[in-house]
Amino acid sequence: MTIRYAILPADPGAHLFQVTVEIDDPDPQGQCFMLPAWIPGSYMIRDFARHLVRVRALTVGAARVRIAKTDKHTWRCAPVAAGQGLTLAYEVYAYDLSVRAAHLDTTHGFFNGASVFLLPVGREREACRIDIFAPPDRRLRPWRLATGLRPARGTPPGGFGTYLAADYDELIDCPVEMGTFTEHAFTVEGVPHSVAITGRVARLDGERLASDLARVCAAHARLFEPRSRRPPFDRYVFLTLAVDSGYGGLEHRNSTALLCQRDDLPHAGMAAATEAYRRFLGLASHEYFHAWNVKRIKPAAFIPYDLAQENYTPLLWLFEGFTSYYDDLGLRRAGLLTPEQYLGELGSTLTTVLQRSGRRKQSLAESSFDAWIKYYKADENAPNSIVSYYQKGALVAAGLDLTIRAATAGRRSLDDLMRLLWRRFKDAGADYAGLGEDEVAPAIREATGVDVARVLRAWTRDVADPDLPELLRPFGVIAERAPALESAHFALLGCRVAAGPDGRISQVFDASPAQAAGLSAGDQIVAVDGLRASGARLDSVLARHAPGDRVELMAFRRDELLRFDVTLARQAPVKWKLAIDPAAGVRARRLRTGWLGPA
Ligand SMILES: [Zn+2]
């Protein structure tokens, strides 16, 4: 039996998709249909059902069937006569320009199945057929498609027509882009890949982009499959939306949806990769690594996903944090970062984690578990109250990798753990039960012979930090402390001020001069010691003061002007710089080369 979906970008001006879902043999007690409350990979309840409009149920003969909601995202149809098919028809308002939901206007269309396709409850395992129609507006005739869905026979690649998914899980794991995007193809061990770019990008160097992505993809495939070097899918597409400002990505089994700034992408004539372009490659690298780590190797709590509510796991530090560690390491392995640039990135992750006191109040396991209500709903107090399972998770991955390499003279590494988890996934087939929290340390021991149980517990269940400066020493890498003086307000007041003419405080750090004086997020500093210091002038005015000075600061809170006496910090927050020790011995050089490759 097959569930038949159809989707039409009916009215781009009104941002409406028209969708139908049709089944045979509906539940004789009354068939229910539900829409996911969240999309895997983005751990927040989003209630996609709020964008469904005019949901109707019809029999095959087009007779109306009574329909009633039973909860916020479930509809129950009245029973229909035996042998009668049932069709639900509805509209989806699609105006969310993110990687998570759906967007339709006259320039393009994009949707994730989780936000547009109702699931006939109880029929999760049935095959799906999806007819994707071209927009009726003649002016949009040049539109094409890009998606990881399999085209049915008769549907040309990239064409509107019929697509297939083995089940609902695959259906909602294959987002679809439609429009007049540019596309650049490459292969990884014969497997076709492409990058589709929506949005105007002046003088895009698509060839460079494709060849750089090919190197990153090959590096990850080589890690998991050192022999065949093949990725675990028949094709892959990077669906990329380039906008004026925005950043994000969402991983899928054989595609990813990326949101970036136009200027992140390479242009013809660009010599060395810009920092923005390296950041884009890091994002692409991250999402591609997820094709193994979270889309296939999964936390036990995600098997199967419960799409109606939060799915709690204490392991996002492994699935997101390790992926964050490998995204930059993959760029290094692909030759797109030098060892020095790689260490620069690792040093800034270390700095960010260590500068925030939230890491002493929340463990990585707690941060993972509470992602739904904390990380994804971060407020101005986040640096003081939560720890990022991405950033500290990446430090834990680095800490484990360095520990394993040092203990085995470079013969084993974190790669061996990833390969073991990957082999277990492949060997288990349909019986795969996912990874439990208690299985991580034993798996590391099995893969590498190194017992990390005690430190792993301290780093993830407790709030200890991996001591990277110490762990890096045997690799001939020196960690230097320096005062973070890049912005005077951060160094002297201990707060963050949002960019722009308003200059409002966005975050006040624990135990900072700003907090001690009573300054709060949302306050707008306008003067320091009687001199105008709003917006961009704040740093230049503050920078004329010495550490420890007492200053009078005027700020608006809402519309009230308030006065604050502030004692400026005596010591700026610390930042970490990682550098290769030129005097390191042969053994250290050999270990480092095993980790980061030759200089
Ligand atoms: Zn991720």
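All of the numbers you see were taken from the coordinates with simple rules; none came from a lab. Only a predicted model underlies this, so the values are computations on that prediction, with no experimental measurement involved. Don't worry about glycine lacking a Cβ; one is built from the backbone with ideal geometry, like all the others, and counts go over all protein chains shown.
Enter the Cα centre distance for the pair segment 203-242 and segment 494-561, rounded to the nearest angstrom. What the calculation gives is 46 Å, centre to centre.
Could you give the length gained on full extension between GLN515 and ASP25, defined as 0.36 nm per residue of separation minus the Cα-Cα distance, in nm? Don't jump to the answer; show the numbers that get you there.
Numbers: separation 490, 0.36 × 490 = 176.40 nm, distance 6.39 nm.
Here the answer is 170.0 nm.
Note on ALA62 and ARG590: their simple-model spin labels are 8.0 nm apart, each label 7 Å out from Cα toward Cβ. Could you give the angle, 0 to 90 degrees to the nearest 10, between helix 391-407's Cα long axis and the longest principal axis of the Cα atoms of the chain? With rounding to tens, the tilt is 70 degrees.
So, R0 is 41 Å and r is the distance between the beta-carbons of ARG129 and LYS377; what FRET efficiency does that work out to, to 0.05?
On the way: r = 37 Å, r/R0 = 0.91.
The calculated FRET efficiency here is 0.65.
For the chain, the fraction of C-alpha pairs farther apart than 39 angstrom is 37 percent.
Taking 30 Å as R0, compute the FRET efficiency from the Cβ-Cβ separation of TYR93 and LYS426 and round it to 0.05. Walk me through the intermediate numbers first.
Numbers: r = 41 Å, r/R0 = 1.37.
Computed FRET efficiency for TYR93 and LYS426: 0.15.
Overall, the anisotropy analysis places segment 320-466 in the oblate class: the square-rooted eigenvalues a ≥ b ≥ c of its C-alpha gyration tensor yield a/c not less than 1.5, with a/b not exceeding b/c.
Spatial offset of segment 117-181 relative to segment 381-428 amounts to 36 Å, using the alpha carbon center of each. List the lysines whose Cα sits under 23 Å from the Cα of LYS361, skipping any in the same chain fewer than 8 residues away. Within the straight-line limit of under 23 Å, LYS361 reaches these lysines: LYS374, LYS377, LYS392, LYS575. Since only LEU336, LEU364, TYR247 are under comparison, the one whose Cα sits farthest along the positive direction of the charge dipole of segment 244-378, derived from C-beta charges on Lys, Arg, Asp and Glu, is LEU364.
Computed per residue of the chain from DSSP H runs no shorter than four, each worth -39500 (n - 2.57), the mean residue ellipticity at 222 nm is -7500 deg cm²/dmol. Relative to the longest principal Cα axis of the chain, at what angle does helix 323-333 sit, 0 to 90 degrees, rounded to 10? That helix lies at roughly 80 degrees to the long axis. Computed from Cα atoms, the angle from the helix 275-290 axis to the main principal axis of the chain rounds to 50 degrees.
Let's test the formula: R0 of 30 Å, r as the Cβ-Cβ distance of LYS72 and ALA14. What FRET efficiency results, to the nearest 0.05? Mind dumping the intermediate values first?
On the way: r = 24 Å, r/R0 = 0.79.
In this case the efficiency is close to 0.80.
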